[in-house]
Amino acid sequence: MATDITEVVIETIREVMNQNDLEESTLTAETSILSDTSLDSLALAEVIVHLELKTQKDPFAGGFTNFRTIGELARLYEQ
């Protein structure tokens, strides 16, 4: 079951894909962001900026935290 923040992350990834004319893919909490999508590291950075603006949270303020999947990224914004 996807949480509300997971849906926000998925929506944000889709927005960045569309803005950058990237091929869309099926997105779920288990999707590996850089392996299973057309996002590169620069587009992922755009996703992070958009998420910070939408959520008013910066889970990386204290340093970088590793994440691989959409669900892992969403959990960072739930804390």
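A simple rule links phi to the HN-Hα coupling: the Karplus curve 6.51 cos²θ - 1.76 cosθ + 1.60 with θ = phi - 60°, which for the stretch 30-42 gives 8, 5, 6, 4, 8, 8, 9, 10, 8, 6, 9, 5, 5 Hz, with x for Gly and Pro. Its DSSP H runs of at least 4 residues, each contributing -39,500 (n - 2.57), put the calculated 222 nm mean residue ellipticity of the chain at -17000 deg cm²/dmol, to the nearest 500. The distance between label points at SER25 and THR65 comes to 2.4 nm (points 7 Å beyond Cα on the Cα→Cβ vector).
Compute for the chain: radius of gyration divided by Kirkwood radius, i.e. Rg/Rh, restricted to C-alpha atoms, rounded to two decimals.
0.92
Each residue of the stretch 71-79 is assigned a 3J(HN,Hα), and the resulting list reads x, 5, 5, 4, 4, 4, 7, 7, 6 Hz, derived from the Karplus form 6.51 cos²θ - 1.76 cosθ + 1.60 (θ = phi - 60°), x at Gly and Pro. The HN-Hα couplings worked out from phi for the stretch 61-67 by the Karplus form 6.51 cos²θ - 1.76 cosθ + 1.60 (θ = phi - 60°) are 4, x, x, 6, 10, 5, 8 Hz, whole numbers, x standing for Gly and Pro.
Bear in mind that the values in this text are calculations on the coordinates, not laboratory data. If you're wondering where the values come from, they're calculated on a predicted model, not measured in any experiment. With ideal geometry, Cβ positions are generated from the backbone for all residues, glycine too; neighbour counts draw on all protein chains shown.
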